[in-house]
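What follows is calculated from the coordinates using simple rules that are stated; it is not laboratory data. For clarity, every value in this text was computed on a predicted model and none was experimentally measured. Glycine also receives a Cβ, built like all others from the backbone with ideal geometry; neighbour counts cover every protein chain displayed.
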């Protein structure tokens, strides 16, 4: 067999798969021989209309105290679609969606689809230059945004609609859009090796077949409550949003501050009785740390689904020891934007925590084929390492306005009799074990994943080389840093530039999102070369600090020293200066949550995590905490109390010795 599921309708290729899954107490899907002709037979919005007609009064969306039923969401999205059509925007157009994750954004997303258009998520966290590039590159016909974000749209002549100007209205029915499953549903931009991001075009059928082919595994229904804990610019959100709305479930958009705070996320899951939680492994590790700091709680969770990056099963041991592996069940899924979110399924059990090694991603979805091939496109034997090539109805159209790149990455399937069949060349390396379990081993090129985001290091290098003072540049992910994996940029420059790191960081922040900006910048005289004359990435040095601890601890207050200790422990670095910025030291959004929890314990009070983003230095944080009365004054009170207790203990010990001597004399 050349690839797993290489002929899903011929005979029964699932015999080994059934045995493999059953060995982990996983009930196999009800029907292995799925009729692929039915896959993706409806558009997303047509599927939604069927659900809304069945459950009109069920709550579709919850955001704080706000609720929206399926009937109201259906009517509001109709109004948005009608508004677009009334302004001359017809089927086939791409509409930018630049808004914070919430009820209005989801209504707009659905309205865009009903108008026969495709939505383009434009994350508000992106710099203005990147927003402008995406809108221009996609040829967006219009942008739907919010008043607070209107200033970010600087594209000349761009038609802009504000969500608050299109209120819900009953009775507005748009003209029939494009209901064909092959119609374009959305474009999501991912990092590009040429220095510019590239847009992946995904059809309605790509999405709707995803839920059809996984239905027997997950059995999603109207009783599920989904937390949307990812940005709409990250395709994990496609699974979250439509997983709820195409099954009659309730969707809970998670505010950005809550995503950043594991403690607050925990409370949201409990309050909203969330049953389906999707997490990147990095985010779940932060969540688990907060979980273990508190007593066990009664979650309503039914499934926890991991994706976006490699998962080390051993990290789940504390969760399984506390809650077991049945309720909720734990599932690992491998996927990539170009094949529509997910391509594999792997149920995780307690037996995996000690026996498994590497990131095991399971078996392909029933309608998906995964070939593991060598450089000559020949299948490698079980256990040998090769590159993943993925086929099936999940394969996207290709890259928007990138015909050469599309041709290179979306290739004709040499193992199929269908001349239209294609394989996506993922650039991911892995191997298939003898029992059919697929193991993911990492990227074949310089593309990496940090906190679930795909990043082309070449894009960072190209941006650095565009800066006039930079002569050479290299970007790598270092796994050997105290705070864990982080991007480090190396540059060789002409002349002596003061504050060079800050200059480079500022330039990059104008072009790319924060998660792509390197944590460290190292200036070299020249790049080290290997025998082939190429940059020797293995020889690039570890980032170093030239400062000493004694230089930085002069005239510090007690609150400042406490914060320095917290930062040093979480970032794993020393020394740290009072005016060093958290993110400039290599800190990441996930680590800011740890700092937040530590500071809340220090002050014996809670405050919004957003305060840490606006006060990014030790000095600013200490001033804020002291102003709240929870810092230095509280520390001094605690020190006085501890001194008093020590004095009382010493006095009691002296009295006890005197009593013993008097008794001895008597």
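At 7 Å along the Cα-to-beta-carbon direction for both residue 53 and residue 314, put a label point, then send me their distance in nm to one decimal. If labels sit at residue 53 and residue 314, their model points lie 5.5 nm apart. Of the residues 512, 465, the one with the fewest other Cβ atoms within 10 Å heads the list, and the complete ranking is 465, 512. In a fully extended conformation the segment linking residue 536 and residue 515 would gain 5.1 nm over its present Cα-Cα distance, using 0.36 nm per residue. The ranking of 348, 106 by Cβ neighbour count inside 10 Å, starting from the fewest, reads 348, 106.
Model label points for residue 524 and residue 601, set 7 angstrom from Cα along the Cα-to-Cβ axis, are 4.0 nm apart.
Is the shape of segment 551-634 rounded, prolate or oblate, going by the alpha carbon gyration tensor and its root eigenvalues a ≥ b ≥ c, with a/c under 1.5 for rounded and a/b larger than b/c for prolate? Verdict is oblate for segment 551-634.
Given R0 = 30 Å, the distance between the Cβ atoms of residue 273 and residue 569 translates into a calculated FRET efficiency of 0.30. A protection proxy built from the mean count of other Cβ atoms within 10 Å ranks the segments 594-603, 337-346, most packed first, as 337-346, 594-603.
Once you have a ≥ b ≥ c as the square roots of the Cα gyration tensor eigenvalues for segment 313-452, tell me rounded if a/c is under 1.5, and otherwise prolate or oblate according to whether a/b is larger than b/c. Taking the square roots of the gyration eigenvalues as a ≥ b ≥ c, segment 313-452 is prolate. Where in segment 103-125 does the label zone of residue 66 land, with the point 7 angstrom along Cα→C-beta and an amide N cut-off under 12 Å? Flagged as within label range: 103-108. The slack in the chain from residue 412 to residue 154, taken as 0.36 nm per residue of separation less the alpha-carbon distance, amounts to 88.9 nm. Each label was represented as a point 7 Å from its Cα along the Cα-to-Cβ direction; for residue 614 and residue 180 these points are 5.1 nm apart. Take the Cα of residue 289, go 7 Å toward its beta carbon, and the backbone nitrogen atoms of segment 460-487 under 16 Å from that spot belong to 481-486. On the beta carbon distance between residue 125 and residue 435, with R0 = 51 Å, the FRET formula returns roughly 0.75.
Please work out the FRET efficiency for the pair residue 421 and residue 579, using the Cβ-Cβ distance as r and a Förster radius of 56 Å; give the result to the nearest 0.05. For R0 = 56 Å, the calculated efficiency reads 0.45. Ranking of 542, 527, 516 by neighbouring Cβ atoms within 10 Å, starting from the fewest: 542, 527, 516.
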